[in-house]
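**Student:** Handing you a structure now.
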Amino acid sequence: MKFHRVLAIPVLVATAALTLTACGSDDKASSDNVVRIGTTDKDHAWDVFEEKAKAQGITLRITNFSDYKQPNLALSQRQIDLNLFQHLQFLGAYNVANNDTLTPIASTYIVPLGLYSKRHKSLADLPQGAEIAIPNDPTNQARALFVLQAAGLLKLSGDSKAPTPADIDKGASKVKVTPVDAAQTALSLASVDGSIINNTFLDRSGIDPNSALYKDDPKNPAAEPYINVVVSRAEDKNNELYQKVAQLWHDPDVQQAHAQVTKNTAVEVKRTGPELEQILARVQQTIKDGK
């Protein structure tokens with residue numbers, strides 16, 4: 001997911017990416033077996049993914065964006081054909097905010113969200129009033145609060161599916177939270193008792209994901225909104241070429257490479273497009289209801 005900064009100019013990692021204009025570009029991409037796909041984390045697994053596509057006669061034009069806000073905008077504006085960087089909660093928030101209909105066509109994986117610390121060795125070591133840094137974007141912030149509640153470190157009042165720090169019952173909580181930009185959660189470890197850190201920033205900061213004091217359970221039904229997905233425009237969801245590319249992510253060699261990159265923390269998920277659309281619909285309704 002990889003959930004969620006100031007707009008930045010995307011960094012191109014494929015020479016022809018974003019050079020095609022919107023007019024007629026999709027038809028040409030399909031006829032030539034060229035698929036333009038965007039991400040925010042091009043790593044070794046993507047190299048294997050690209051090789052597997054090539055073996056099937058498909059050329060991937062990969063654009064590695066430096067900002068999480070860009071891949072959905074680029075997809076909506078027809079600058080790319082697919083993107084693979086986000087979970088359903090993030091996609092739902094984008095669709096609702098932009099009145100868009102971007103659609104998940106395949107699932108990929110889910111990554112546990114964990115609590116890390118440089119000062120303490122276990123949950124029990126955390127003192128009363130311990131300061132915990134959490135991501136400040138709505139998508140990751142809500143999940144972080146659920147992680148802390150599941151760990152027994154705080155209590156949320158009410159039953160909101162998208163809680164904020166205002167929903168914390170301070171009198172019944174052991175820790176206090178400090179929202180920071182997601183990119184700062186790992187950097188904050190030196191100055192706080194603990195931090196909820198997205199997998200992307202663990203890797204960039206050299207933090208072992210297996211050192212978490214606590215993680216949420218990716219197999220819990222409550223984690224469904226955090227399934228990462230391959231996304232297309234709604235009108236392209238049945239495009240056979242795009243479907244073929246999406247399924248290549250589940251090739252054993254790609255999975256092995258991804259496991260190495262994530263240090264075996266990512267859990268492969270296989271859900272159909274219709275199943276993912278149902279989860280997305282529930283996520284979007286919850287966001288619209290403000291609950």
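**Student:** Please list 80-92, 186-198 highest first by mean number of surrounding beta-carbon atoms within 10 Å per residue.
**Tutor:** So the order, starting with the most tightly packed, is 80-92, 186-198.
**Student:** Please work out the Cα center distance from the range 92-142 to the range 196-274, rounded to the nearest Å.
**Tutor:** Spelled out, the Cα-based centre of one part sits 14 Å from the other.
**Student:** Compute the signed sum of charges (Lys and Arg +1, Asp and Glu -1) over the other residues within less than 11 Å, Cβ to Cβ, of T59. Intermediate values should be presented prior to the final figure.
**Tutor:** Working: positive: R36, K54, R61; negative: D32, E50.
Spelling it out: positives minus negatives among the neighbours equals +1.
**Student:** Starting from the Cα-Cα distance between N33 and N220, subtract it from 0.36 nm times their residue separation and give me the gain in nm to one decimal.
**Tutor:** Working: separation 187, 0.36 × 187 = 67.32 nm, distance 3.77 nm.
Full extension of this stretch gives 63.6 nm more.
**Student:** While we're on this one: Here is the link list: K118/K263; K52/K288; K161/K244; K176/K219. Which ones come out longer than 30 Å on Cα distance? Let's see the in-between values first.
**Tutor:** Values: K118/K263 20 Å; K52/K288 39 Å; K161/K244 34 Å; K176/K219 27 Å.
Beyond 30 Å: K52/K288; K161/K244.
**Student:** In addition: Restricting to DSSP H runs of at least four residues, report the calculated mean residue ellipticity at 222 nm for the chain, -39500 (n - 2.57) per run over all residues, nearest 500 deg cm²/dmol.
**Tutor:** Values: 9 runs with 93 residues, N = 291.
The per-residue figure over the chain is -9500 deg cm²/dmol.
**Student:** Quick one: go through the range 182-200 and flag any residue whose amide nitrogen is under 16 Å from the point 7 Å out along the Cα-to-Cβ line of A97.
**Tutor:** Those under the cut-off are 182-183.
**Student:** Using Cα-only point scatterers and the Debye equation, what is log10 of I(q)/I(0) for the range 151-233 at each q in 0.19, 0.24 Å⁻¹, rounded to two decimals?
**Tutor:** Computed log10 I(q)/I(0) values: -1.13, -1.41.
**Student:** Viscosity 0.692 mPa s, temperature 37 °C: Stokes-Einstein D of the chain from its Kirkwood Cα radius, in µm² per second?
**Tutor:** Values: Rh = 19.6 Å.
Result for D is 168 µm²/s.
Readers should treat all values here as calculations from the given coordinates under stated rules, not as data from a laboratory. Nothing here was measured: the structure is a model prediction, and the numbers come from that model. For neighbour counting, all protein chains shown are included, and Cβ atoms are generated from backbone atoms with ideal geometry for every residue, glycine included.
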